[in-house]
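Enquirer: Dumping the structure here so I can ask a few things about it.
The values are calculated or read from the model by the stated rules, or taken from the named source; none is laboratory data. None of these values were measured; they are calculated from a predicted model. FYI the Cβ positions are ideal-geometry reconstructions off the backbone, even for glycines, and counts take in every protein chain you see. Just so you know, the surface numbers come from the protein's heavy atoms only, side chains and all, with ligands and any DNA or RNA stripped out. Shrake-Rupley method; radii C 1.70, N 1.55, O 1.52, S 1.80 Å.
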Amino acid sequence: MSIKIKVENLDLFYGENQALKNINLDIEKNKVTALIGPSGCGKSTFLRTLNRMNDLIENISIKGKVEVDGEDIYKSDDVIKLRTKVGMVFQKPNLFPMSIYDNVAYGPKIHGIKDKKTLDKIVEESLKGAAIWDEVKDRLKTSALGLSGGQQQRVCIARTIAMKPEVILMDEPTSALDPISTLKVEELIQNIKNDYTIVIVTHNMQQAARISDKTVFFLNGDLVEVNDTNVIFTNPKDKRTEDYITGRFG
Ligand SMILES: Nc1ncnc2c1ncn2[C@@H]1O[C@H](COP(=O)(O)OP(=O)(O)OP(=O)(O)O)[C@@H](O)[C@H]1O
Ligand SMILES: [Mg+2]
């Protein structure tokens, strides 16, 4: 077991309002970690601290430490490099109004890759990695916005993979998808997890149970409990975790 991300004594305030309270967490490399908890407990806020997506919010203050591969990400100025290493997939597919090909090639192009053959290869490998290649290979030059929501979300994952990240953060990536697309995205997560460290926020307990190795339960800005997923769902140590997973609140 090796630790990819280490969070120590992390506090986060929006103005006066404390959204994260002294969070300590080790996130293991090449595992899927699920973040669960009721609405407003700080899951998205926490996820965004892992690649500094909160940086631009006004009146925010962050204390404590987040280390990726042993480096304190808040001590480095290279946020672009950080976000390349720690990619993110959002709740709603957010493709650009351009072709499928150009969406996936966009990041690598910005990073200076111009050679067409190299780009073709990255696009194909990324779409294959995101389990969407067969569905789109004959329409790569058509608008990405013509795809279904579930297809768009997998192209979003392909776009993230194209940047060759080491960590992928996902904030409720399937909440806007139908059950079949959800299953496809879940399968895809299972298939790629050996190559990436994945942190996923989900409101769907079955999903957390199906796809994650570790589960973290948040409540009111506190990290209440973290353990192997099967332990959290069968034998939680904290009464509040038990109440939540058995549907007594939240
Ligand atoms: N940009 C912001 N400015 C001020 N307060 C915020 C901001 N974003 C979130 N908050 C507050 O921080 C707390 C945690 O919000 P967060 O979005 O992290 O919760 P969440 O667990 O992701 O909820 P949900 O399950 O509904 O997505 C909430 O009280 C929320 O109102
Ligand atoms: Mg959220």
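Enquirer: Using the heavy atoms of the protein chains and a 1.4 angstrom probe, tell me the accessible area per residue for the range 3-245 in square angstrom.
Expert: Result: 47 Å² per residue.
Enquirer: Here is a follow-up. Straight distance only, please: which aspartates and glutamates reach the Cα of Lys85 with their own Cα at less than 19 Å, same-chain residues fewer than 8 apart left out?
Expert: The reachable aspartates and glutamates, counting only those whose Cα sits under 19 Å from Lys85, are Asp26, Glu28, Asp55, Glu67, Asp69, Glu71, Asp72, Asp77, Glu125, Glu166, Asp171, Asp195.
Enquirer: Let me ask something additional. Gain in length, Ala176 to Lys65, computed as 0.36 nm per residue apart minus the alpha-carbon separation, to one decimal in nm?
Expert: Net length gain for the segment: 36.7 nm.
Enquirer: Just from its helices, what would the mean residue ellipticity at 222 nm be for the chain, if runs of 4 or more DSSP H residues each count -39500 (n - 2.57) and the sum is divided by every residue, rounded to the nearest 500 deg cm²/dmol?
Expert: When only DSSP H runs of four or more count, the value is -10000 deg cm²/dmol.
Enquirer: Moving on to the next point. My understanding is that a pair violates if its Cα-Cα distance is over 23 Å; which of Lys92/Lys121; Lys4/Lys114; Lys117/Lys193; Lys4/Lys214; Lys109/Lys164; Lys6/Lys121 do that in this structure?
Expert: Check vs 23 Å cut-off fails for Lys92/Lys121; Lys4/Lys114; Lys117/Lys193; Lys6/Lys121.
Enquirer: Report the relative contact order of the range 3-245, percent, no decimals, based on alpha-carbon pairs under 8 angstrom and at least 6 residues apart.
Expert: 28
Enquirer: Something else about it: Quick one: net charge around Val32, please, counting Lys, Arg +1 and Asp, Glu -1 for every other residue with C-beta under 9 Å from its C-beta.
Expert: Here the count lands on +2.
Enquirer: For the range 24-160, what does the convex hull of the Cα positions come to per residue, in cubic angstrom?
Expert: Per-residue hull volume (Cα only) is 151 Å³.
Enquirer: Counting only protein heavy atoms and a 1.4 Å probe, tell me what percentage of the chain's accessible area is made up of carbon and sulfur.
Expert: Reported share for carbon and sulfur atoms: 49 percent.
Enquirer: Tell me which residues come under 5 Å, amide H to amide H, from Arg52 once H is placed; ignore anything under 5 positions away on its chain.
Expert: Distant-sequence amide H within range of Arg52: zero hits.
Enquirer: Once you have the Cα-Cα distance between Arg248 and Lys109, take 0.36 nm times their residue separation minus that, and quote the gain in nm to one decimal.
Expert: Once the chain is fully extended between Arg248 and Lys109, it gains 45.1 nm.
Enquirer: If I model the range 3-245 as equal point scatterers sitting on the Cα atoms and use the Debye formula, what is log10 I(q)/I(0) at q = 0.12 Å⁻¹?
Expert: -0.69
Enquirer: Take the chain, mark every one of the trypsin sites (Lys or Arg not before Pro) that falls in a DSSP loop and has at most 16 other Cβ within 10 Å, then report the longest stretch left between them, sites excluded.
Expert: 142-236
Enquirer: Right, something else. Take the Cα radius of gyration of the range 109-184 and divide it by 2.2 N^0.38 Å, with N its residue count; two decimals is plenty.
Expert: 1.13
Enquirer: Could you calculate the FRET efficiency of Lys21 with Leu183 from 1/(1 + (r/R0)^6), where r is the beta carbon distance between them and R0 is 45 Å, rounded to 0.05?
Expert: E(calc), rounded to 0.05, equals 0.80.
Enquirer: Extending each Cα 7 Å along its Cβ direction at Met98 and Lys237, get the distance between those two points in nm, one decimal.
Expert: Spacing of the two 7 Å Cα→Cβ label points: 4.9 nm.
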